[in-house]
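The values are calculated or read from the model by the stated rules, or taken from the named source; none is laboratory data. All figures in this text were calculated on a predicted structure; none of them were measured in a lab. Note that we place each Cβ from the backbone using ideal geometry, even for glycine, and neighbour counts take in every protein chain shown. Quick note on the areas: whole protein, heavy atoms, side chains included, nothing else; ligands and nucleic acids left out. Shrake-Rupley method; radii C 1.70, N 1.55, O 1.52, S 1.80 Å.
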Amino acid sequence: MNNDHFSLSGKNILITGATGILGTQFCHALASSGANLALFDIEPKGLNSLRDALSSEYSSNKFLSYEVDITDEFEIKKSVSAVIQDFGTIDVLHNNAATKTKSLAKFLSPFEDYDIDTWKEVMDTNVNGMFLMAKHVGPHMVANGKGSIIQTGSIYGHMAPDQRIYEGSEYNGHKISSPAVYSASKAAVIGLTQYLAAYWGKNGIRVNTLTPGGVESGQNEEFSKKYSNRVPLGRMAEANDLTGALVFLCSDASSYITGQNLIVDGGLSCW
């Protein structure tokens, strides 16, 4: 295998949820592999800071930021057109954006008390947003006869959470849980990936899911300990544990891989 197959030099990648915990790490990894990035996020201050940081560190790459609400089809259509005009082409779409909603307390509510509006808010970003992004980027890739779409899933879209690890556990000061809507939305990501892989395969477009296991991101020590005890490698993931898999799926090294769910979970799902 030629190592150039793993290079992203000259590739134009559109990434949603660019300023998140994973998104920021993903952007730096893609940039360090040579990619030009169109950064989509709803939060302008963090978005512009990320763009400036990337431009400073990787001066030979091109980075542009776009403030976009991915639940708004009009905004998506306008912004995707702007990216094509600014970059000339979109080689890779990384559907990465997800939400814990405007209210973390409501997002973490017990199943029996779950508010339908909160459920809809999660689905609107986690599923509808990915559908809309693929809907408006996909035809551009079809016209080019090639492309790669990577969609960020979750281990809890692949398997159910172990409720026992949440006893005494907290996330940023809130009693932690993993709500049903999160599992349902991330399971839908896998289904959408498989559908699109079959639908656009004849056009040279690859579509895959990247599924992280639990990532350290503000959980208390009790949760980290209980979760880590479930993992064969004995720890939670750091955001940079996922970047190699993403670069691989974006690169020509994965040219015959489509419709797959690449699980990066330290072995959690093997037992």
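The figures follow:
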| item | result |
| --- | --- |
| Assigned charges on the beta-carbon of Lys, Arg, Asp, Glu; the chain dipole about Cα centre (debye) | 580 debye |
| Per-residue [θ]222 nm for the chain (sum of -39500 (n - 2.57) over DSSP H runs n ≥ 4, rounded to 500) | -12000 deg cm²/dmol |
| Built amide H within the under 5 Å cut-off of ASN261, gap 5+ | THR209 |
| In Å, descending, principal axis extents of the Cα set of the range 1-119 | 53, 33, 28 |
| Reachable aspartates and glutamates, given that their alpha-carbon falls under 20 Å from the alpha-carbon of LYS106 and they are not under 8 places away in the same chain | ASP115, ASP117, GLU121, ASP124, GLU167, GLU170 |
| Cross-link partners of LYS62 among aspartates and glutamates (Cα-Cα below 13 Å; sequence separation of 8 or more within a chain) | ASP52, ASP86 |
| Signed unit charges on C-beta, dipole axis of the chain, positive-most listed residue ALA160, LEU262, HIS5 | HIS5 |
| Gyration tensor over alpha-carbon atoms, the range 159-265, equivalent ellipsoid semi-axes in Å | 31, 16, 10 |
| Total charge dipole magnitude, the range 187-271, about the Cα centre, Cβ charges on Lys, Arg, Asp, Glu only, Debye to nearest 20 | 280 debye |
| Residue among GLY204, ALA245, HIS94 farthest towards the positive dipole end of the chain, charges placed on Cβ | GLY204 |
| Cα-Cα P(r), the range 17-84, percent of pairs per 10 Å interval | 23, 53, 23, 1 |
| Span-like helix ranges in the chain, DSSP H, alpha carbon extent 15 angstrom or more, Kyte mean at least 1.0 | 21-32 |
| Semi-axis lengths, Å, the range 120-187, gyration tensor of Cα atoms, sqrt of 5 times eigenvalues | 33, 12, 9 |
| Part-to-part distance (alpha-carbon centres) for the range 209-259 and the range 76-144, which is given in Å | 21 Å |
| Residue of ASP113, ASP252, ASP52 that the Gaussian network model of the chain assigns the largest fluctuation, springs spanning Cα pairs under 10 Å | ASP113 |
| Solvent-accessible area, 1.4 Å probe, carbon plus sulfur percent, for the chain | 51 percent |
| Cα gyration tensor category, rounded, prolate or oblate, for the range 46-186 with a/c compared to 1.5 | prolate |
| HN-Hα J in Hz across the range 255-266 - Karplus 6.51, -1.76, 1.60, θ = phi - 60°, x for Gly and Pro | 4, 10, 10, 8, x, 9, 10, 8, 9, 10, 9, x |
| Charge dipole (the range 28-136, unit charges on Cβ, about Cα centre) - positive-most of VAL122, ILE42, ALA105 | ILE42 |
| Antiparallel DSSP beta bridges within the chain, percent to nearest 5 | 10 percent |
| Cut-off 13 Å between beta-carbons: net charge of the residues surrounding LYS45, Lys and Arg +1, Asp and Glu -1 | -3 |
